Amino acid sequence: MKYRDILMEQEDLVSPGISACQGCGAELCLRTALRVLGKNTVVAIPPGCLAGAGVVGWNYDNGLKIPVHITLLDNTASFLAGVKELYDYLDEDVQVVAIAGDGATADCGFQSLSGAAERGHNIIYICYDNEGYMNTGFQRSGTTTKGSHTSTTPVGSLIKGKAQHKKDMPMIMAMHNAAYVATLNPAYMKDFVSKLKKAMSVKEGLSYLHVCSPCPTGWRFNSDLSIEVARKAVKTNFFPLYEYENNSFKLKKVANPEPVSNFLKLSKKFKHLDEKDIEEIQAHVDEKYNNLVNLAGENIN
Amino acid sequence: MSKVMATTGNTAAAIGAALAKPQVIAAYPITPQSSVVENLAGMIANGELNSKMVEVESEHSAMSVVQGAAVSGARTFTATSAQGLALMYEPYFRMSTLRLPMVMAIAGREMTSPETVWGSQQDSISVRDAGWLQMYVEDNQEILDMIIQGYKVAENQKVLLPINIIYDGFFLSHLMERVEVPPQEKVDQFLPGYNPQHVKFNPSEPMAVDPLTPGDILMEYREDHLKAAHKALEVIDDVDNDFGNSFGRYYGGAVQEYLCDDADIVLVTMGSMTGTAKEAVNIKREQGIKAGLLKIRAMRPFPETKVNEVLKGKKAVAVVDRNVCFGWNTGTLFVEVKAALNRCDDISLVPVIGGLGGADITLNHFTNCIDLLQKTSDYKKYHKCIWFKKGGELHEVS
């Protein structure tokens, strides 16, 4: 089935009436992922934007048409490890999937994810990275990028936004030797679907999918620009698309990458950055990208 | 035929757990519990136990793994102590409020600080209000038997709550005693498989587990939870009786009385100190003193009615705690007993604290304690807390 057919024809497994903010990258990621994953799936969603949008359920209704549980903020991977162990014990083939935000993944949920990846439980862990605790009012997380204006890294007269670069989750998970690691972006749906399908084909070990999830409300751009922001993240190498499996990296090369300022200027969370700040971010982006080029070697297309 | 062996409390716990055939086990090592996990891992490695075992990276994940398995319908087991239990608190609370029955053994250990690894009830007693059932046991046989009974209580359709089987670290976890191991077939007859109907996490029957819940509905969940915990008091007694009928060992259910009927003076104890206290009662009985003992087995739910029935009309009662209740300057069990006896002002009720951080509780402590109770029925004089000090001495602390 072609990816367009999957998106057009597969049933939307989100209950009617569920909606996140207009233009939410995470909601698009959820609906697409579930269409691809299908009904033989159980889903864990920790507290965060999707749980807050009612995807587990609220107002006396279920949020999904498939089994869904709100895990604790910090135990999604270990909870799902237990689910998978029972299905293994019963010899039943059920897809066990996490759809978690960056806080529940990179910050307090990291230990649980690290342990599950090391032990190699056969689960699919999808992180929608909107670069902060957007559900609770745009606080910074470990994956917030440098310079970002958030409610806990405000722009003041002394300090202007987040002082540190983001925690590189997909690379960290690759270094766990997870069975499959990939970066996904909602502006590249064909690539998104094929990576998800690859994760579904993994029968031993953990798959980690890191999704760029632009957040109109938190990053402050117009809600009709979500896909444009997501696309610019790739076009500027701010969010490179790559995969890791069997000890090797595969990188999708961007022809004639644009300057990172083309991405930064779309979101008001970066509007205070001066030329020097942007140069520094550009240097960081180039360094990370060159590392990936070196790691991918001949596997660049 | 039962097999008789000399074994530690931790081994007895592991054997009890294995006899219950949990489908998923997850645990993390911590002193003094570690050999429970090691024993179970050994049984699985040798093919003696068919369970999935997850060697997790923390106790938080241990409880989370068994939670995932239990939500999906598994019988599960874990064990921990002290700091491990503290780290587990978040998923621990959720296990009970999601009404997921399981058994967790706790080899009781003092809470840090000062830094310590030795026995105490402070760890388990500090989480007594997290919705679990909590049973304290006296010896290694009771550990094994109660882990089996624990599943039957927890999985009862009227209960559906997780249960802790708690035994004193080192005093029981590491010391050997004679233990009878019942044959597997008899345990299978006593404890059938677990087949939950109230929660599913399976694509064949889609269900949202724990959606965001408004306060009025949450209140109904809490009310049901409290009712179930109350119902567990009856179930604990029934299961004790059934177990006795099958295996010949009766423990008395929620409490165990020892020479209480005609007693004027009663020691109230919990855990491994009970054996020593019974010996003190025997010695004092030989001297013509009408002493008795009440062993509290169920801390949660608290057997208020039974405690009241047994202690009503007694002259003097000492409640001995291997833990403290911060803010009351007594032990925690004392506060519970006092609440249960709220209309019995004529009893001289004495709080006693001893054995913290693995300190010894000796025969002299208990005989001295009985002497003290006998000297006075003056409530006002002895309402201050008595501390068991080194060398068997009692020390009154205001």
What number goes with the only condition from (1) in a loop (DSSP other than H, G, I, E, B); (2) over 24 Å from A:M175 (Cα atoms); (3) within 21 Å of the chain's Cα centre (by Cα); (4) not aliphatic (A, V, I, L, M) that A:P257 does not pass? (3)
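Yes/no per residue for (1) buried (at least 19 other Cβ atoms within 10 Å of the Cβ); (2) within 14 Å of another protein chain (Cβ to nearest Cβ); (3) small (G, A, S):
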residue	(1), (2), (3)
B:G169	yes, no, yes
B:L175	no, no, no
B:E185	no, no, no
B:Q189	no, no, no
B:G193	no, yes, yes
B:E205	no, yes, no
B:V209	yes, yes, no
What's the number of the condition A:D12 fails, among (1) open to solvent by less than 50 Å² (accessible area, probe 1.4 Å); (2) among the acidic types (D, E); (3) at the interface with another protein chain (Cβ under 10 Å from one of its Cβ atoms)? (3)
For segment B:357-370, give me each residue that is assigned to a helix (DSSP H, G or I) and open to solvent by 50 Å² or more (accessible area, probe 1.4 Å). B:L363, B:N364, B:N368
Identity of the residue in segment B:198-207, in contact (Cβ under 8 Å) with a residue 24 or more places away in the chain and not aliphatic (A, V, I, L, M), that ends up nearest to B:P162 (Cα to Cα): B:H198
For segment A:52-80, give me the residue count where each residue is open to solvent by 10 Å² or more (accessible area, probe 1.4 Å) and within 20 Å of A:L113 (Cα to Cα). 4
Would you please name the residue that is nearest to A:D12 (Cα to Cα), looking only at residues in segment A:26-42 that are more than 11 Å from every other protein chain (Cβ to nearest Cβ), buried (at least 19 other Cβ atoms within 10 Å of the Cβ) and of a type outside the set (A, V, I, L, M, F, W, C)? A:R35
For segment B:67-83, which positions are buried (at least 20 other Cβ atoms within 10 Å of the Cβ) and more than 14 Å from chain A (Cβ to nearest Cβ)? B:A79, B:T80, B:S81, B:A82
Counting only residues that are open to solvent by 10 Å² or more (accessible area, probe 1.4 Å), among the small types (G, A, S) and within 25 Å of B:H174 (Cα to Cα), how many does segment B:263-302 have? 2
Leading residue by the ranking (farthest from B:P91 (Cα to Cα)) among those in segment A:51-86 that are at the interface with chain B (Cβ under 7 Å from one of its Cβ atoms) and of a type in the set (V, I, T): A:I66
Being surrounded by fewer than 23 Cβ atoms within 10 Å (Cβ to Cβ) and within 20 Å of B:T367 (Cβ to Cβ) is the filter here, so list the residues in segment B:320-348 that pass it. B:S348
Looking only at segment A:269-301, how many residues end up being more than 21 Å from the chain's Cα centre (by Cα) and basic (K, R)? 2
Under 8 Å by Cβ, and 6 or more places apart or on different chains, what pairs join a residue from segment A:279-291 that is within 16 Å of A:K167 (Cβ to Cβ) with one that is open to solvent by 60 Å² or more (accessible area, probe 1.4 Å)? A:H284/A:H165
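Give B:Q157, B:Q149 a once-over and let me know the one that is within 21 Å of B:P22 (Cα to Cα) and open to solvent by 50 Å² or more (accessible area, probe 1.4 Å). Break it down into steps so the answer makes sense when it comes.
Numbers: B:Q149 fails: open to solvent by 50 Å² or more (accessible area, probe 1.4 Å).
Of B:Q157, B:Q149, the one residue that is within 21 Å of B:P22 (Cα to Cα) and open to solvent by 50 Å² or more (accessible area, probe 1.4 Å) is B:Q157.
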Does segment A:108-121 contain any residue that is touching a residue at least 40 places away in the same chain (Cβ under 8 Å), within 7 Å of another protein chain (Cβ to nearest Cβ) and not in a helix (DSSP H, G or I)? no
So B:K52 ticks every box in (1) under 20 Å from the mean Cα position of the chain (by Cα); (2) within 14 Å of another protein chain (Cβ to nearest Cβ) but one. Which box is left unticked? (1)
Of the numbered conditions (1) over 27 Å from A:A174 (Cβ atoms); (2) in contact (Cβ under 8 Å) with a residue 40 or more places away in the chain; (3) open to solvent by 10 Å² or more (accessible area, probe 1.4 Å), A:L90 fails exactly one; give the number of that condition. (2)
Scan segment B:1-11 and give yes if some residue there is buried (at least 24 other Cβ atoms within 10 Å of the Cβ) and either in contact with a Leu (Cβ under 7 Å, 6 or more places away or on another chain) or among the aliphatic types (A, V, I, L, M) (or both), otherwise no. yes
If we take segment B:216-314, then strands (runs of 3 or more DSSP E) inside it with 3 or more residues that are under 22 Å from the mean Cα position of the chain (by Cα), farther than 25 Å from B:V187 by Cα and in contact (Cβ under 8 Å) with a residue 40 or more places away in the chain are B:265-269
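The values are calculated or read from the model by the stated rules, or taken from the named source; none is laboratory data. Quantities reported herein were computed from a predicted structural model and do not represent experimental measurements. Because the Cβ atoms are built from the backbone with ideal geometry, glycine has one as well, and the counts that use them run over all protein chains shown. Just the protein is used for accessible areas: all its heavy atoms, side chains included, with ligands, DNA and RNA removed. Shrake-Rupley method; radii C 1.70, N 1.55, O 1.52, S 1.80 Å.
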